[in-house]
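We did not get these values from a lab; they are worked out from the coordinates using the rules stated. Computed from a predicted model, the values in this text were never measured in an experiment. Every residue, glycine as well, gets a Cβ built from its backbone with ideal geometry; the counts of neighbours run over all protein chains shown.
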């Protein structure tokens, strides 16, 4: 079955530091890949996505590239801010089209804390 | 455009009682998904519904849990005879189609005394 493995946290950084959160996956077919962010007491917000190999998703300074050869979708940001402190989830869904549907499989989440 | 609305935000029940969690999808979204998040864990898929139909309930416990999405009104996740292990955050998500990104509600935090 499908699975997602995330870099274990928590991750603590100083403001303006470089961020990488690793994510690797196992899936049959051609999944779509996502990063979601969860702020305290809230639901998940879609941060970025990529639907095919070599696609790069980007949003709010965050980037992740769909690497089929290494089955990875690592999240990066060049300069983090205090406001980026949250829990980050990597996820995949079964590929689009046919009889597949968008059930999401999540990693365990990585807690990011950014200090001023 | 209102997002996915879940209520209540917090629900406290005693062991043996019933819990009903409601989810109103975004306008124009006919696909609803329920997920459960246990403390310090990621979200786990429970059930996927379209209007009046359960498409996939492979993540639902075999007993005490049920879900519906009637033609009119919100989707309901129902847990009968709750136990302490049901304490979790339950999230609903909706999408306009199965291959489109899901939008999440803020969740219902269920506590069992």
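Looking at the range B:71-82, which of its residues are part of a loop (DSSP other than H, G, I, E, B) and buried (at least 21 other Cβ atoms within 10 Å of the Cβ)? Walk me through how you get there before you give the answer.
Here is the first cut: in the range B:71-82, the residues part of a loop (DSSP other than H, G, I, E, B) are B:71-74, B:80-82.
Within the range B:71-82, B:82 is the sole residue that qualifies.
Tell me, which strands (runs of 3 or more DSSP E) lie completely within the range B:1-58 with 2 or more residues that are surrounded by 20 or more Cβ atoms within 10 Å (Cβ to Cβ) and facing another protein chain (nearest Cβ under 9 Å)? First the steps, then the outcome.
On the way: elements: B:5-7, B:10-13, B:19-24, B:31-37, B:43-50, B:53-56.
Output list reads B:31-37, B:43-50.
Name the residues in the range B:75-102 that are touching a strand residue (DSSP E or B) at 6+ places or on another chain (Cβ under 6 Å), in contact (Cβ under 8 Å) with a residue 60 or more places away in the chain and closer than 22 Å to residue B:7 by Cβ, would you?
B:78, B:79, B:82, B:86, B:90, B:91, B:92, B:93, B:94, B:95, B:102 - these are the residues of the range B:75-102 that are touching a strand residue (DSSP E or B) at 6+ places or on another chain (Cβ under 6 Å), in contact (Cβ under 8 Å) with a residue 60 or more places away in the chain and closer than 22 Å to residue B:7 by Cβ.
Evaluate the range B:62-70: report whether one residue or more is within 11 Å of another protein chain (Cβ to nearest Cβ) and surrounded by 21 or more Cβ atoms within 10 Å (Cβ to Cβ).
So the first thing to find is which residues in the range B:62-70 are within 11 Å of another protein chain (Cβ to nearest Cβ), and the list is none.
The answer is no, given that none of the residues of the range B:62-70 is within 11 Å of another protein chain (Cβ to nearest Cβ) and surrounded by 21 or more Cβ atoms within 10 Å (Cβ to Cβ).
Considering only the range A:19-38, state which residues are closer than 23 Å to residue B:103 by Cβ and either surrounded by fewer than 13 Cβ atoms within 10 Å (Cβ to Cβ) or touching a helix residue (DSSP H, G or I) at 6+ places or on another chain (Cβ under 9 Å) (or both).
A:37
Just one of the numbered conditions (1) in contact (Cβ under 8 Å) with a residue 40 or more places away in the chain; (2) over 16 Å from the mean Cα position of the chain (by Cα) is not true of residue A:41; which one?
Among (1) in contact (Cβ under 8 Å) with a residue 40 or more places away in the chain; (2) over 16 Å from the mean Cα position of the chain (by Cα), residue A:41 violates only (1).
State the number of residues belonging to the range B:93-107 that are more than 10 Å from chain A (Cβ to nearest Cβ) and part of a strand (DSSP E or B). Working first, answer last.
The initial filter retains those residues of the range B:93-107 that are more than 10 Å from chain A (Cβ to nearest Cβ), namely B:94, B:96.
With part of a strand (DSSP E or B) added as a condition, the list becomes B:94.
Result for the range B:93-107: 1.
For the range A:44-59, check the following and say yes or no: at least one residue is more than 21 Å from residue B:34 (Cα to Cα), part of a loop (DSSP other than H, G, I, E, B), in contact with a strand residue (DSSP E or B) (Cβ under 6 Å, 6 or more places away or on another chain) and more than 10 Å from every other protein chain (Cβ to nearest Cβ).
No, that holds for no residue.
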